[in-house]
Each structure stands twice: as C-alpha cells, then as structure tokens.
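Working notes, structure below.
The values are calculated or read from the model by the stated rules, or taken from the named source; none is laboratory data. What you see is a predicted model, and the numbers here were worked out from it, not measured in a lab. Quick reminder, even Gly has a Cβ in these numbers, built from the backbone with ideal geometry, and neighbours come from all protein chains shown. Each accessible area value is taken on the protein alone, full model and side chains, heavy atoms only, with ligands, DNA and RNA left out. Shrake-Rupley method; radii C 1.70, N 1.55, O 1.52, S 1.80 Å.
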Amino acid sequence: MRREPSREPLTRARRVAVIGGGWAGCAAAVALADAGVHVALYEQARELGGRARRVTLDGLALDNGQHLIIGAYRETLGLVARVHGTHNAGSLTHRLPLTLQPFGNGWKGAVKLRAPHLPAPFHLAAALLCAGGLSWSHRLALINDFRQLTASRFMRTAGETVAECFAGIPRLAFRAVWEPLCLAALNTPPARASAQLFANVLRAAFTGTAAGSDFLIPAVDLSALLPDPCARVVQQCGGTVHLGARVRRIDRSGKAMCVSTQTEQGRFDAVIVATGPHQLHELEVADAAWSEMRRQVSAFRYESITTIYLAYSQAPAIASLARLDDAPGQWVFDRGVMPVGGDMLRVLAVVISAGGAHDAMSHPALVDQVERQLRHLAPTMGERRFARVIAERRATYACVAGLVRPAPGRVADGLHLCGDYTDPEFPATLEAAVRSGAAAARSALRELKINPTAG
Ligand SMILES: Cc1cc2nc3c(=O)[nH]c(=O)nc-3n(C[C@H](O)[C@H](O)[C@H](O)COP(=O)(O)OP(=O)(O)OC[C@H]3O[C@@H](n4cnc5c(N)ncnc54)[C@H](O)[C@@H]3O)c2cc1C
C-alpha cells in the first residue's frame, strides 16, 4: 500500500540515483520516493519513457511503437493505478477479452476467437472450442497442448524452444494461435524463442483469473500513461528529474557513489542502473562484478519491432485491434479518429514483431506493401492521407531459449540493476521492466536499511 512520503527534512533522507528513465527506472524511482528516499532520476533523452514513450509526428501524439498490455501485467497496472489514482486508471486503457479477430473480410485459414465470461482456464478452453476457422481436431489439439502444459506445471527444460514445445500439434493450429501469441509476447520467432518464458506468460495469462488474458490497449499515449506521472510523484516527494542528462561514469568514493554527467557530479548512498541492455557498455563503472555482468549481457542479440502508422478517410471498424495475415503486418490497432492536416481521419497502427525481410525495405516501400495488404483484406478502405514508419531496431533482446541473464537487484555494494532484460519471469515487456524496477528499489532499500513501508 502507498504511504505518504517521509515528513523528515530532506537533508536527512538517503539519496539514491536512478540512471535511465524508461519504465524500469520510473518504477524504481516511485518505489524509492514512496519509501521517503530522495531520488535523482537521470535520463539522457529529452523525455522519459525509453522504449515506451510518446512521439509527436506531424502534430499527432503517437508512440514510438504500438504497445499491448495484458491483464496479467499486475505490477504495471498497479503502478499505473498508484500514479494516476485507482479511480482514474480504468479510463486510461481499452480492455477487451482475449480476442483474435481477422481484419476486414479475413482470409483463407483466418482464425476467429473470443474468450467468453467464464472462470480461467475454462474461458480459454471455451474460446478454443468455439474458434472459427479451425477444424475440430485442431481445436482439440490446442486444448490438449494447454492441458499438457498445465500438467507439467509450466516447467520446461532450459534449452527448449517454443517450436519444440509445441511440435506435437498440427502446424496450421500452431501458426493460427500459439505463433502470433509467441511473437507478440516474446518478440522472438518460435524456432528460437524460449519455451520457459512463453510458458510463464501463458501461466500468468490463463491460470489466475480470466481477466489475466484480457488485452488492454492504452487509450492515452505511453508517456502520459506512466513516465510523466511517475516524474510528478518523484518531484512531489522532493526528488529531482534530470532530462538530457547522460551519465558517463559511476565511481565509488568511500561509502558514497559518485555519478558524473558531462556537466556535473552528484554523491549518493546508492545507484540503480536502469538503462537498456545495449546501453550498458556506454557507462564507465570500475567494478569487477559489474564487468562480469556486462560480459554476460554482451552475448545478447536483439529483435526489431516496426510500427507503420497510416491515416485513412475511412477504414473498417475494429474492436481496438485485429489480426492481419502476416504479409507483412501481423496486427492492426485502431488509434481512433484524429485531426490530420485539417481533416478528421482514422489512424491505424500496423505492427510487425521481430526481424525479417521488412527490416531491409525502405520506409516508402514498406508503407506500399502494408497498404496493399490492408486493401486486399478490406477493399473498402478510403484514401490514405498520412503514413509514417517507426522501426525500433533494438526493440527487445531476443528471448531465445537457454539465454543466461543477470537478475534485478544488487550487483555490488551501492550498485543495483534493473531493466526488462533482468526479470526472471517475463520476457522483454513493460511488466518485466516494472517488476525489475520494483525489485531493484527493494534491494537498494534493504541495503540502506530502510523499511519500504516506513516512508
Ligand atoms: C516498438 C516497441 C513495441 C513494444 N511493444 C510492447 C508491447 O506491446 N507490450 C510490452 O509489454 N512491451 C513491449 N515492448 C517492450 C517494452 O517497451 C520494453 O520492454 C520496456 O519499455 C523496457 O523498459 P526499460 O526501462 O527496461 O528500458 P528502456 O525503455 O530502454 O529504458 C532505458 C532508459 O535509459 C536511458 N539511458 C540509457 N543510458 C543512459 C545514461 N548513460 N544516462 C542516462 N540515461 C540513460 C535511455 O535513454 C532509456 O530512456 C515494445 C518495445 C518497442 C520498442
């Protein structure tokens, strides 16, 4: 439960620096501020949010990439409620039950399913049993798969891939249901993706409450959803937020930790490093345990996510998101009607998870191909008046089978780590980032002998 910030004068409060203002750093900063710690949050960019932030394109507030949250992302949703207030949180996302709805007229083999209002996991069984576009044998094979996963308590062997885990079911059934969910959750193709991480997501989504598998689509831009209100909480609790402040070095000086940017140096009781994994090597830290951790992370590979924003005078109504036929768009999200160049247009976000041939295409060529794809599936689409592509080349680390990763928390005295790549349970997602940030904050508080509930 949230406590009022400490009433002690700030001169007596412990000081912790958080380096990196993505969702992990923001989560860590709020947890520390709530415990009465004086937080200094350093972010090298001009705005917070990292890989999940608002971008303004031709005056439209969009995101660096379309994001989807599931109901099982409990810590993310808890933090959204903490910073916005429980009563306001519900209106910040559109919630719909687990749904696979083909875009437009659909295509041969398109699968259509929607989870009914039943307790978990019967809602999944019922959704699969009633799925359109699948034969009875395919439906039963999918249900049987899930039964076997449940029987194994969702424990998979370390090097097993998602493709190996589901090798027993017909390819068509796998491609229709598990493959798109794997790509959406792990951003890694099933042939390489970790079966254990995918099993963890399925367990979280389908074995708790039925709401765990709900899709939640942000109704506001990503910065407004979390990073901006987190910054306000930190500042209200007496902390500071430094934008455009790239930390170059972390040094130990007696018991203090010194954090240096190009222009200034600060002394802290502890530091939490919340950068992306690919950014760790840019920080100078003279510590053996740090170097060992960095060596581990240098083995990571990365996967892209590409979002193609398109605005049309007219587009088929979709319930927030719909499946595409992977040629090359995988999902399309309805961003609503927005003012574009003086007209009110429907803005769509087409998403392609993980790398592929599309990475080598020019943006105009990719727009053309996606445009053809949409028109093929929905010939009544109106005129396109706007198109922009955002390709995040290092959107997430590749969640491959058998990858060894550092844990969130203490690396050495006074030095703690978080980020989506450190969470043991979830793949590279907002939930992994938020969980890891909270874990790193707990570890710093433990070290400083501060009771998190005593703030
Ligand atoms: C296009 C796209 C789509 C995605 N879709 C989904 C989705 O649908 N659902 C989902 O759950 N997840 C999704 N993800 C993944 C999710 O966005 C990430 O897992 C999450 O945002 C990672 O947060 P983080 O805080 O761990 O890292 P980051 O967001 O990378 O934050 C690190 C921050 O540290 C800053 N930094 C780095 N070095 C320094 C330094 N030296 N000094 C100061 N600051 C520094 C960086 O500028 C950055 O702001 C998507 C990601 C992308 C890119």
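Quick one: in segment 155-172, which of the residues that are at pLDDT 95 or above and in a helix (DSSP H, G or I) is nearest to the ligand (Cβ to nearest atom)? Checking each candidate, the answer is V162.
Of the strands (runs of 3 or more DSSP E) entirely within segment 370-455, those holding at least 1 residues that are within 13 Å of the ligand (Cβ to nearest atom) and in the same structural domain as V332 (by TED's automatic domain parsing) occupy 384-397.
One line per residue, one yes/no per condition, for (1) in a loop (DSSP other than H, G, I, E, B); (2) without any contact (Cβ under 8 Å) to a residue 24 or more places away in the chain; (3) within 14 Å of the ligand (Cβ to nearest atom); (4) among the hydroxyl-bearing types (S, T, Y):
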site: Q279; (1), (2), (3), (4): no, no, yes, no
site: E292; (1), (2), (3), (4): no, yes, no, no
site: I308; (1), (2), (3), (4): no, no, yes, no
site: P328; (1), (2), (3), (4): yes, no, no, no
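For segment 253-277, the tally of residues that are within 18 Å of S436 (Cα to Cα) and within 16 Å of the ligand (Cβ to nearest atom) stands at 7. Checking each residue in segment 265-298 for being modelled with pLDDT of 95 or more, open to solvent by 60 Å² or more (accessible area, probe 1.4 Å) and out of contact with any His (no Cβ under 9 Å at 6 or more places or on another chain) picks out Q265, R267, H281, E282, E284, A288, S291, E292, R295. Filtering segment 339-354 to residues that are within 15 Å of the ligand (Cβ to nearest atom) and either β-branched (V, I, T) or at pLDDT below 95 (or both) leaves V350, V351, I352. Do we find that A311 is modelled with pLDDT of 95 or more and of a type in the set (G, A, S) in this structure? Yes.
Looking across R252, R232, one residue alone is among the charged types (D, E, K, R), farther than 14 Å from E43 by Cα and in contact with a Gly (Cβ under 9 Å, 6 or more places away or on another chain). It is R252.
Filtered by the rule that a residue be more than 13 Å from P427 (Cα to Cα) and of a type in the set (F, W, Y), segment 374-412 gives a lone residue, F386. Take the conditions (1) open to solvent by less than 10 Å² (accessible area, probe 1.4 Å); (2) of a type in the set (A, V, I, L, M, F, W, C); (3) under 18 Å from L417 (Cα atoms); L62 misses just one of them, which is (3). Go through segment 71-99 and report how many residues are surrounded by fewer than 16 Cβ atoms within 10 Å (Cβ to Cβ) and aromatic (F, W, Y). Number of matching residues: 0. Would you be able to say whether some residue in segment 316-324 is open to solvent by 10 Å² or more (accessible area, probe 1.4 Å), within 16 Å of the ligand (Cβ to nearest atom) and either more than 30 Å from H281 (Cβ to Cβ) or modelled with pLDDT under 95 (or both)? There is at least one residue in segment 316-324 that is open to solvent by 10 Å² or more (accessible area, probe 1.4 Å), within 16 Å of the ligand (Cβ to nearest atom) and either more than 30 Å from H281 (Cβ to Cβ) or modelled with pLDDT under 95 (or both).
Of all residues in segment 83-138, those being in contact (Cβ under 8 Å) with a residue 60 or more places away in the chain and small (G, A, S) number 7. Of everything in segment 342-364 that's among the aliphatic types (A, V, I, L, M), over 23 Å from L183 (Cα atoms) and without any contact (Cβ under 8 Å) to a residue 60 or more places away in the chain, which residue is surrounded by the most Cβ atoms within 10 Å (Cβ to Cβ)? Taking the candidates together, the pick is L345.
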